[in-house]
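Scroll down for the structure; my scribbles are underneath it.
The values are calculated or read from the model by the stated rules, or taken from the named source; none is laboratory data. If you're wondering where the values come from, they're calculated on a predicted model, not measured in any experiment. Ideal geometry is used to build each Cβ from the backbone, glycine not excepted, and the neighbour counts take in all protein chains shown.
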Amino acid sequence: MAWGEVAALADGSLDLLVVTTPLEVVGQCNRREELLAVFGRQVSGVIADAVCSFLNDCYTKLRPGGVLVAYRGAEAALPDGWSDEWLTLDWVTSNGAEPLCSLQGFNGELVLAARRTREHDAYDEVAEFTGLSRSEVQRRCLLGNWWTADRWYAANPTNAAEREAFYRTSDAYLFELTHWEVVDATERRALAGKLSGRMLEFGAGVGTLAIFSAEAGCDVDTYDIGERTSAFLRWRLKRRHADVADRVHVLGGTEELGVYDTITCLHVLEHVEDPHALMRMLYEHLMPGGKLWLVAPFREELTEKHPLHLAAHAQLTLDGLLAEVGADLVGWDQLSGYDLCVGRRPVEAPAATRLPETLSLARP
Ligand SMILES: C[S@@+](CC[C@H](N)C(=O)[O-])C[C@H]1O[C@@H](n2cnc3c(N)ncnc32)[C@H](O)[C@@H]1O
């Protein structure tokens, strides 16, 4: 059946849809020449857009519980430099579908996913908040990093003030971070289970970790410079997460910060102009004995897909930043394939129990 005939079918009418063309080819056929000419370096992101729209269309033809089978072709079929990671199982399953399995077949990776049967998810929340259709929200979310990157290239901020204005006013992160919420939920919930006490989630985005941590028993303050994502977080707490709304406080500015047992700062330090100053500020708000949980891929993602990561920070390390502020390194963990660094503010011994400056071991 040609795609035009499938497109004419009613939404939600199929139990099984098998796409027998490799997804890369779908993307290339649709728009390759046009995209190369217009977008140059960003071409793979826009091809991802084409694949994404195609998958969205396929997905909407399925009944709840219906199965989509698609495959990525052999790497050899891709032009040089296009063997990007963007076409993985996630690209089908993050549509809200339940992943079934991934197999080898048709000389490539075969992916099976079922249409979700859950009542609602974060995509629905964004659709309701923005007034966009669910499928448009899905499309933007599926593009993930590319969606944000495209907005950044279009705004073309060239100095610190323009970069800050982008973070403050853009709604790009609404979509990228919702995508992460859907695909990373298991890992983020597992992290939330390790956190405790009074907590600050700095650079909280759409509030995924804040909500999961409150569900796990923390009392959470969030701060983020992004006005749109903060407004969305306030809205979703009231509308969809009323059970934890009194345990998540969306702060309006850093002057409202308190003192915390736990501070998380995930995927933020590589974006800010002065990570050293941010670390000093976070440390000041950490209780003695409190823990700091950090993720920041300073040099791993300096690619066209991540133009928001500042190359000037490429040499920084998280343990180096901890040492700079006087925190101890507790250890390393993993969060969705990223290194997660855990530090602790040392507990100073009370003055009365401190050892004297000079200690003699000689017997009296
Ligand atoms: C890649 S997102 C990470 C969001 C969230 N921590 C997560 O892991 O899902 C980066 C976040 O940092 C925020 N951000 C960037 N610069 C900031 C600043 N100067 N102060 C506070 N937040 C900032 C952005 O608005 C965005 O929400």
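So, in segment 233-270, how many residues would count as being within 11 Å of the ligand (Cβ to nearest atom) and assigned to a helix (DSSP H, G or I)?
2
Mind checking which residues of segment 200-218 are more than 13 Å from the ligand (Cβ to nearest atom) and surrounded by 16 or more Cβ atoms within 10 Å (Cβ to Cβ)?
Those that are more than 13 Å from the ligand (Cβ to nearest atom) and surrounded by 16 or more Cβ atoms within 10 Å (Cβ to Cβ): Ala214, Glu215, Ala216, Cys218.
Which residues, taken from segment 161-173, are near the ligand (Cβ under 9 Å from one of its atoms) and more than 24 Å from Leu132 (Cα to Cα)?
Hits for segment 161-173 are Arg163, Glu164.
Inside segment 285-345, counting only strands (runs of 3 or more DSSP E) that do not spill past its ends, which hold 3 or more residues that are within 12 Å of the ligand (Cβ to nearest atom) and closer than 15 Å to Phe202 by Cβ?
Result: 286-295.
Restricting to segment 135-160, name every residue that is out of contact with any helix residue (DSSP H, G or I) (no Cβ under 7 Å at 6 or more places or on another chain) and within 12 Å of the ligand (Cβ to nearest atom).
Ala160
Test Lys305 against the criterion of being modelled with pLDDT of 95 or more and touching an Asp or Glu at 6+ places or on another chain (Cβ under 9 Å), and give yes or no.
no
Please work out which residue is farthest from the ligand (Cβ to nearest atom), limiting yourself to segment 179-197 and to residues that are farther than 21 Å from Gly331 by Cα and of a type outside the set (Phe, Trp, Tyr).
Thr186
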